[in-house]
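Inspection log for the structure reproduced underneath, given as structure tokens.
The values are calculated or read from the model by the stated rules, or taken from the named source; none is laboratory data. Since this is a predicted model, take the numbers as computed values, not measurements. Cβ placement follows ideal geometry from the backbone for every residue including glycine, while neighbour counts extend to all protein chains displayed. Ligands, DNA and RNA are excluded from the accessible area calculation, which covers all protein heavy atoms including side chains. Shrake-Rupley method; radii C 1.70, N 1.55, O 1.52, S 1.80 Å.
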Amino acid sequence: MNKYFTIGMAGHIDHGKTTLTKALTGINTDQLKEEKEKNISIEPGFAPFIREEKLEVSIVDVPGHEKFIRQMIAGVAGIDIVILVIAADEGVMPQTKEHLDILSLLGIESGLVVITKITQVDEELFEIILEDVKENLQQTFLEDAPMYVVDSITKKGIPELKDAIREKLLHIEKKDRQASFRLPIDNVFTVKGRGVVVRGTIYDGEVRQGERLKVLPANKEVRVRQIQRHHKQKDVASRGQRTAINLGGITHEEVSRGDVLVADDFYPVSNRIDIVFYPLKDIHLKIKQRQPIKLHIGTSEIMGKIIFFDRNEMNVNENEEVVCQLQLNEEVVVARGDRFILRRPTPVETIGGGWVIDPNAKKYRFGKKTIEQLKLKKEGSSEDRIIAQIEEKIVLTETEIVNDLAISEKEFSEMRRNLLEIEEGFYTLHSIFERVKDKMIALITSFHERYQMRIGINKAEIVSELKQQYPESLLEFTIDTLRNDHNIKISNQFISLAHVVPSLPHQWKTRLENMEKELIKQGVEVEKWSELHSKHHIPTDIQKEFYYFLIQTKKAFVFDDDRLISKAAVDQALRKLKEHTDLKDFTLQTAREILQLTRKNLVPLLELLDYLGYTKRVGNMRTWMISDGA
Ligand SMILES: Nc1nc2c(ncn2[C@@H]2O[C@H](COP(=O)(O)OP(=O)(O)OP(=O)(O)O)[C@@H](O)[C@H]2O)c(=O)[nH]1
Ligand SMILES: [Mg+2]
């Protein structure tokens, strides 16, 4: 299998990064007019370096000027190893140190040190510089890195350096990651007749010609028209490769540096991320709670605030790691484990960096509990992390588990049986489900206690009561499960405990039964509900409940605005009509003759029969919807 690597050139301004890149690759990475004129690098420049059957290597040459740290960070974000360039005539300078800090915060673990311009110094000075370099590299990731001494103009030492780089790369293992395709875009331009081309280094997965992709965070669908690597057309490009992609379905205005090209919904779009933060040792000012910061991650840089949960400020030289959160002014597309740099906007200074523990975080309370939760998310086993994350978010999709928590498919398939799948691809914890079940039963029970005459609680009421805390899919799942287990029953939209039937309160029982008897006795010519209950001296709240009771237990129906009619009366009228019409179509007039009713009672009665599905009105006629015996 091929190995793809990107080497970053880092170091102080004018120390010879671009010249060394040219000596190694033959390519001048200072392509911009301004770069050539001023003899200074501004944007990261890319050059193919090794093209062998088993090894493909590119170099990214970044600017050294302190004004262009932003570009430097974007340039080295995707590199595998670094070459730290130090000029023999100057030695270690401020950006030598700053670049070193940034590289180590970004998690770069390996590299080489190259002393350039060796022809510019005599032996004596060289010895002094060398001592200084060694001292400055102590306790950095380059402490034991091999050191090479070259002159990029005369090419002294260049062949040896080339061999050393190849040797080093052949022995580096690229960590295996199974994430879906993403490419943080660092450059957008248009080619006449072709349309939009985006460029960047593929962070994960691979891309093929013809594929449909999305540009995040805008969620714009695009098609891959063409793929190029170092100006050569390719069918596929994969992780670690610097790639240019010609996109269909998008205009130049719709995409910019910092956007991310993805294949599917694998990566969340969010403006709140949980992080582990490593402050740099010698920053000049305290870092305060909610202080503005600039986040450099992938190819994007976004303003935001740092939010601590266990302190209100961080002292200078407080050299510890902190779990905290970034609240961002714009949306980002990142994954767990992504490295980043934080800078203070004014006065500008790199204050530290770290990695993302949750790319799609929520707001939390200040305090120990949050810190514990974040530490668990950061350090816990995959099982602990899944549990902590579900505890927080209640329901997670498989994609969210695998991606947001950076858990492999294999680990997940082992974990899966401990989780509860509430619908395909959606998971929660059994303990959460039990909690929802208990809450639901409690709600239904207390409803029965309060409303003894009602059949049950409206399902919508349960959902609205619990949906702040639990997603509706989980509520639906719980209701279904409770019903299938015969713990509850559902009739229409009303939910009740399985063994509960509506009943009349003891102290009103006789009066209510008398009132019902009278309702039945009155038949179709029934009086107003209000008159009926005042006659029987029933207080408002009780009569209201009784009203529900009669309807829900189907002992009566709503007749018109202020009347109920007993089921007995409806049944009797129905029987008469069926008999006398012989189940043939009939008019209002016929019905009136049969039932001997006034219009005031006849019309609502016939409408009720329609509503109950016995008859249907067609023009002036009514047709029976039932056959004989029904
Ligand atoms: N003699 C000699 N001159 C060098 C060598 N490397 C670089 N130079 C000269 O030093 C100057 C700066 O070199 P660059 O390669 O542009 O430096 P850089 O590190 O890319 O600078 P920035 O990108 O602006 O940070 C140029 O004039 C180079 O010709 C070297 O090895 N020997
Ligand atoms: Mg340069």
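In segment 90-176, which trypsin sites (Lys or Arg not before Pro) fall in coil by DSSP and have 15 or fewer other Cβ atoms within 10 Å?
Passing sites in segment 90-176 are K155, K174, K175.
For K33, which lysines qualify as cross-link partners when the Cα separation must be under 22 Å and same-chain residues fewer than eight apart are set aside?
The reachable lysines, counting only those whose Cα sits under 22 Å from K33, are K17, K22, K67, K192.
Got a sec? Which residues in segment 422-445 would a label at K459 touch, if it sits 7 Å along Cα→Cβ and we count backbone N under 19 Å?
Counting only backbone N, you get 422-424, 436-445.
Between E320 and T590, with labels modelled 7 Å along Cα→Cβ, what's the label distance in nm to one decimal, could you check?
9.1 nm
Quick one: length gained pulling K54 to D235 fully straight, 0.36 nm per residue minus the C-alpha distance?
Separation in residues times 0.36 nm, less the Cα-Cα distance, equals 63.3 nm.
What lysines sit close enough to K168 to cross-link, taking a C-alpha to C-alpha distance under 17 Å and skipping anything fewer than 8 places away on the same chain?
List returned: K3, K54.
Can you tally the net charge around D282? Count Lys and Arg as +1, Asp and Glu as -1, for every other residue whose Cβ sits under 14 Å from the Cβ of D282.
Here the charged neighbours net out to 0.
Which value, in Å², gives the accessible area per residue of the chain when a 1.4 Å probe is used on the protein heavy atoms?
49 Å²
For segment 508-581 and segment 367-388, what is the centre-to-centre distance using only Cα atoms, to the nearest Å?
Between the Cα centre of segment 508-581 and that of segment 367-388, the gap is 60 Å.
May I ask you to derive the FRET efficiency for R311 and K155 from their Cβ-Cβ distance with R0 = 60 Å, giving the value to the nearest 0.05?
0.65
Rg/Rh for the chain: what does it come to with C-alpha atoms and Rh from Kirkwood?
Across the chain, the Cα-based Rg/Rh ratio is 1.23.
At a 1.4 Å probe radius, carbon and sulfur cover how many percent of the accessible area of the chain?
47 percent
Suppose each label sits 7 Å from its Cα in the direction of the beta carbon; what would the S473-L612 distance come out to in nanometres?
4.3 nm
In whole angstrom, how far apart do the alpha carbon centroids of segment 1-22 and segment 200-250 sit?
Between the Cα centres of segment 1-22 and segment 200-250 lies a distance of 24 Å.
What percentages, rounded to whole numbers, describe P(r) for segment 115-167 computed over all alpha carbon pairs with 10 Å bin width beginning at zero?
22, 46, 31, 1
Expressed as a fraction of 2.2 N^0.38 Å, the rule-of-thumb size for a compact globular protein of N residues, what is the C-alpha radius of gyration of segment 360-481?
Dividing the Cα radius of gyration by 2.2 N^0.38 Å gives 1.23.
Enumerate by residue number the chymotrypsin sites (Phe, Trp or Tyr not before Pro) in segment 357-435 meeting two conditions: DSSP loop (anything except H, G, I, E, B), and at most 15 other Cβ atoms within 10 Å of the site's Cβ.
Passing both the DSSP loop test and the Cβ count: F366.
Could you work out how far apart the two model spin labels at E131 and R450 are, taking each label as a point 7 Å from the Cα in the direction of the beta carbon, and quote it in nm?
8.4 nm
So which lysines can K528 reach, going by Cα to Cα under 18 Å and dropping same-chain residues fewer than 8 places off?
Here the lysines satisfying the reach criterion relative to K528 are K517, K544, K555, K567, K600.
Please report, in debye to the nearest 20, how large the charge dipole of the chain is about its Cα centre when each Lys and Arg carries +1 at its beta carbon and each Asp and Glu carries -1 there.
Here the size comes out at about 2660 debye.
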